[in-house]
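Contents: one structure, followed by commentary.
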Amino acid sequence: MKLSKLDLSNVVAIAHSEGHLQLLLDLGHELEFLEIPAPVEAFEGLQHLNEIVAEVKALPSYEESIAMLPTNSSMANAVGYDDEKNILQIEFHNGAVYQYSGIEEDTWEDLHQADSVGKYFNEKIRGKYQSERIDNDYC
């Protein structure tokens, strides 16, 4: 199998009709309509690819990630807070990154200013808020 790099960013819409894959391309100054003989499976494959790309775009990117502050804690390397979404993010020493939702700004400030981040976390946050482990490739 030979792989080729592919950029489908100019594809505006796709359809399939009478054995042809139909593509609407944005060329910047005009739209171009292409018809390519192809089975309906090609159309379905492109639809599936579009769903995958949409899911990937929905994931947080580096630019959208929560700013992390280093912490002097035996429990965590860094903590961060998104005040618009009320999300606390903690990077633990083992590399795992978790987000805790519904965290009020006062709770964040108390955690960040606590003498013991680990003790405050265990007493006030752990098990009391919904949490989700996230991929930390971008952290």
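Coordinate-derived values only; no laboratory data. Note that the coordinates shown come from a computational prediction; the quantities given were computed from them, not determined experimentally. Positions of Cβ are generated from backbone atoms using ideal geometry, with glycine treated the same way; all protein chains shown enter the neighbour counts.
When the helix-only estimate is applied to the chain (DSSP H runs of n ≥ 4, each -39,500 (n - 2.57), divided by the residue count), what is the mean residue ellipticity at 222 nm, nearest 500 deg cm²/dmol?
So the calculated ellipticity at 222 nm is -8000 deg cm²/dmol.
Which residue, E44, E104, E30, has the most motion in a Gaussian network model of the chain that connects Cα atoms within less than 10 Å?
Result for the chain, Cα springs under 10 Å: E30 fluctuates most.
Say R0 is 30 Å: what FRET efficiency, to the nearest 0.05, do H93 and N50 get from their beta-carbon distance?
Plugging the Cβ-Cβ distance into 1/(1 + (r/R0)^6) gives 0.15.
For Kirkwood radius over Cα pairs in Å, the choices are [x] 17.0; [y] 18.7; [z] 20.4; which was calculated from the structure?
[y]
Under Stokes-Einstein, with the Kirkwood radius over Cα pairs standing in for Rh, what whole-number D in µm²/s applies to the range 63-134 at 25 °C and 0.890 mPa s?
Rounded, D is 205 µm²/s.
Which of the aspartates and glutamates could a cross-linker bridge to K128, judged by Cα under 19 Å and excluding same-chain residues fewer than eight apart?
List returned: D82, D83, E91, E104, E105, D106, E109, D110.
Please report, in Å, the Rg and the Dmax of the range 92-133, where both are computed over Cα atoms only.
10.2, 27
Hey, rough spin-label estimate for L8 and L69, points 7 angstrom out along Cα→Cβ, what's it come to in nanometres?
Reported label-point gap for L8 and L69 is 4.3 nm.
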